[in-house]
Structures are given as C-alpha cells and as structure tokens.
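Take a look at the structure below.
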Amino acid sequence: MSSHIYINGEYFSKDKAVVSVFDHGLLYGDGVFEGLRVYGKKVFRLKDHIKRLYESAKAICLRIPVSVEEMEAAVIKTVAKNGLENAYVRLIVTRGAGTLGLDPARTDNPQIIIIVDKIALYPDEYYENGLEIITSSTIRNHPGALNPRIKSLNYLNNILAKMECSQAGCLEALMLNHKGEVAECTADNIFIVRNGKLLTPPTDAGILEGVTRDAVMELAIAAGIPFAEQALTRHDVYVADECFMTGTAAEVIAVVRIDNREIGDGRPGPITRDLKDKFYNLARGIE
Ligand code: PXG
C-alpha cells in the first residue's frame, strides 16, 4: 500500500515527501513532534497529543500556522487516507527553511508533516514476562537547559542513553536527572509499586508528561489503587515490588530486572498486570 504523507496541506508519496536541507529542523533539531497511535481507525487521545504539541511549540517560540482544530482535522484526514486499521502517527512541526545560522528569525514557512505507518511493537513475550533495563550513565537533559517537557526534534539525549542500553543488550534505559533522581526511560515513563502504593516521578523531576502516563494515573485512581507522584531514587527502583513503563509505542510493559537486580520476584506483579490490561482495553475501546 502506498503511503500518503501530509506536508503543509498537501499529500505526497513516500519518495516525493521531502523538506529542504536548509530546514532548521534538520540543521539544528529546531522543531517539535508527537508520536500517536491509531487503534481500530481511531486516534488515541488525539486532543492530548495536539495540546502537548502546541505547548512544546510555545515553549520554543514556534508559531504553528494552523489552528488546533485544523491540526486535529489534518491528522484525522491523513489517518483515513492511509486506511490502516492500527497504525503509528508521527506528527512533526519544523522551524522551516532559513539561512545557515541559528537565528530562527531567519526562517520562514514551518513545515507541518504527518506520517502514518505500521507500528513496530515489542514481541509478545516481553508483555508476558517483562523486560530488563539498565540505568544509563547519560543523565536526562537539565530542565534549565532543554526542558524534557518539550518534545523537541533534538532527541540526542535519549539516543545516547538508547545506545548504552542496546550495548548492554537491553531495550530500554532508565535515565536519572541532574539531581540523581529517577526521571524516565528513553521513550517511556516509569512507575514502581511498593507496599501496594503506585509511585511515579513528578513532572519537575525533568520528564516528558506522557499521554500514556496520564491515562495510567487516571486508571489507577479510578481503580482505587493508592497513588502518588513522588521523587524516586534508583534505590527505590531496586527495592520495588513491581516496576513498569508506559508509552505510546509500549503501552504498559513490566520491568522485571534492572542493573542485574531482580525487581520483586522477577515476574510482572499484580498491579502491573491489572493496569496493563486496563490500558489495553481503554486504548481499544473494550469495556
Ligand atoms: N518519555 C519520553 C522521553 C518519550 O519520548 C514518553 C516518555 C511517553 O510518552 P507518551 O505520550 O507516548 O505516553 C515518550 C514518548 C518513537 C516514539 O518513535 C517515541 C515516543 C512515543 C512514540 C514513539 O521513538 N516517546
């Protein structure tokens, strides 16, 4: 099936969908993006993703030249045009082409790009048995330098950590913040369970406010699971009863080993399995 890629209101095939080599998105990572999922032709939490996109853009003084409503409609139309039942959507806004020089004032014409593609998922066995992660030596970006709340096109911080975990034979890495506290993983947020209480680092730990994280917090509260956003150390993860990650691609997935230490009994725990199932059903509209 040929793909229909949206660029500034027009559709292009994969080989014709191109942007300028002078685009500051390419030259400097100057731009913002979102990764969304389509389940049964419906975009999961579209409004939340669009809101975060506009907030990221605002934080970097990038004025998106279409309204929120137009952006939502563009995503929906592009998803429909591509005809995939289940898919991954990459929504990108670049600063646009300019001169060679950092100054964004020398750019014009931001590029709005929407790509709909098949989604690559973790193998089923990881959802059954959980996965192993390491703590990366690369810390998460200092919020005073480039705030992790901004989903910017510069993902080198995360990529450096990803290379470390790949080297170690793991699929994800835990990243600490500049204070040595638990922040998040390279493309996922993190939760632990200790003594029946669900805990996750707060926004000011220097993390992306994940859409999946939000949904899981809502599910936990609705299910009456005691919950708090709380600063965590690596030790807290080592001695946790359960641990899991959340993200658009991963959904909810158990972490059963970190830095060669087994978490709990080394099996996905009951609260993790419950929230994994609840999120699975929520995303797919299963009551
Ligand atoms: N932290 C970071 C740093 C992320 O990049 C999350 C947490 C989870 O957020 P959501 O809103 O997805 O629950 C992310 C999300 C990709 C890809 O293609 C990356 C993400 C999401 C989807 C796809 O690498 N990152």
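Conditions (1) touching a residue at least 24 places away in the same chain (Cβ under 8 Å); (2) in contact with a helix residue (DSSP H, G or I) (Cβ under 6 Å, 6 or more places away or on another chain); (3) crowded, with 18+ Cβ neighbours inside 10 Å, marked per residue:
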residue: ALA57; (1), (2), (3): yes, no, yes
residue: GLU70; (1), (2), (3): no, no, no
residue: VAL79; (1), (2), (3): yes, no, yes
residue: ASN82; (1), (2), (3): yes, no, yes
residue: LEU121; (1), (2), (3): yes, no, no
residue: GLY130; (1), (2), (3): yes, no, yes
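Could you tell me which of the residues LEU46, LEU62, LEU27 is within 16 Å of the ligand (Cβ to nearest atom) and either open to solvent by 60 Å² or more (accessible area, probe 1.4 Å) or not assigned by TED's automatic domain parsing to the domain that holds ILE207 (or both)?
LEU46
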Filter region 250-269 down to the residues that are open to solvent by 50 Å² or more (accessible area, probe 1.4 Å), under 20 Å from SER136 (Cβ atoms) and touching a residue at least 12 places away in the same chain (Cβ under 8 Å) and list them by number. ARG257, ARG261
For region 230-247, give me each residue that is under 29 Å from HIS49 (Cα atoms), touching a strand residue (DSSP E or B) at 6+ places or on another chain (Cβ under 6 Å) and open to solvent by 30 Å² or more (accessible area, probe 1.4 Å). GLN230
Which one is most open to solvent (accessible area, probe 1.4 Å) among residues in region 146-171 that are near the ligand (Cβ under 10 Å from one of its atoms) and closer than 17 Å to LEU131 by Cα? LYS162
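Show me the strands (runs of 3 or more DSSP E) found entirely inside region 181-225 where at least 1 residues are more than 11 Å from the ligand (Cβ to nearest atom) and surrounded by fewer than 16 Cβ atoms within 10 Å (Cβ to Cβ).
On the way: elements: 182-185, 189-194, 197-200.
Of the strands (runs of 3 or more DSSP E) lying wholly inside region 181-225, those with at least 1 residues that are more than 11 Å from the ligand (Cβ to nearest atom) and surrounded by fewer than 16 Cβ atoms within 10 Å (Cβ to Cβ) span 197-200.
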(1) of a type in the set (Val, Ile, Thr); (2) more than 16 Å from the ligand (Cβ to nearest atom); (3) under 15 Å from ILE114 (Cα atoms) all hold for VAL21 apart from (3)
Among the numbered conditions (1) part of a loop (DSSP other than H, G, I, E, B); (2) among the aliphatic types (A, V, I, L, M); (3) closer than 30 Å to MET245 by Cα, tell me where VAL79 comes up short. (1)
Those residues of region 226-242 that are out of contact with any Gly (no Cβ under 8 Å at 6 or more places or on another chain) and assigned to a strand (DSSP E or B) come to a total of 3
Looking at region 30-42, which of the residues that are over 22 Å from ARG95 (Cα atoms) and more than 13 Å from the ligand (Cβ to nearest atom) is nearest to the chain's Cα centre (by Cα)? TYR39
Looking at (1) out of contact with any strand residue (DSSP E or B) (no Cβ under 9 Å at 6 or more places or on another chain); (2) at pLDDT 95 or above, can you tell me which one ILE92 breaks? (1)
Filter result for ASP277 (more than 13 Å from the ligand (Cβ to nearest atom) and within 20 Å of ALA120 (Cα to Cα)): yes
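Name the one entry in LYS51, LYS14 that is open to solvent by 90 Å² or more (accessible area, probe 1.4 Å) and part of a helix (DSSP H, G or I).
Details: LYS14 fails: part of a helix (DSSP H, G or I).
Only one candidate qualifies: LYS51.
Condition first: β-branched (Val, Ile, Thr), out of contact with any Phe, Trp or Tyr (no Cβ under 9 Å at 6 or more places or on another chain) and within 23 Å of ASN147 (Cα to Cα). Now tell me which residues in region 176-231 satisfy that. Let's see the steps before the verdict.
Filtering region 176-231 down to residues β-branched (Val, Ile, Thr) leaves 182, 186, 190, 192-193, 200, 203, 207, 211-212, 216, 221, 225.
Filter once more, so that each one left must be out of contact with any Phe, Trp or Tyr (no Cβ under 9 Å at 6 or more places or on another chain): 182, 203, 207, 225.
Passing the criteria: VAL182, THR203, ILE207.
The values are calculated or read from the model by the stated rules, or taken from the named source; none is laboratory data. Just so it is clear, the structure is predicted and the values come from calculations on it, not from any experiment. Glycine also receives a Cβ, built like all others from the backbone with ideal geometry; neighbour counts cover every protein chain displayed. Ligands, DNA and RNA are excluded from the accessible area calculation, which covers all protein heavy atoms including side chains. Shrake-Rupley method; radii C 1.70, N 1.55, O 1.52, S 1.80 Å.
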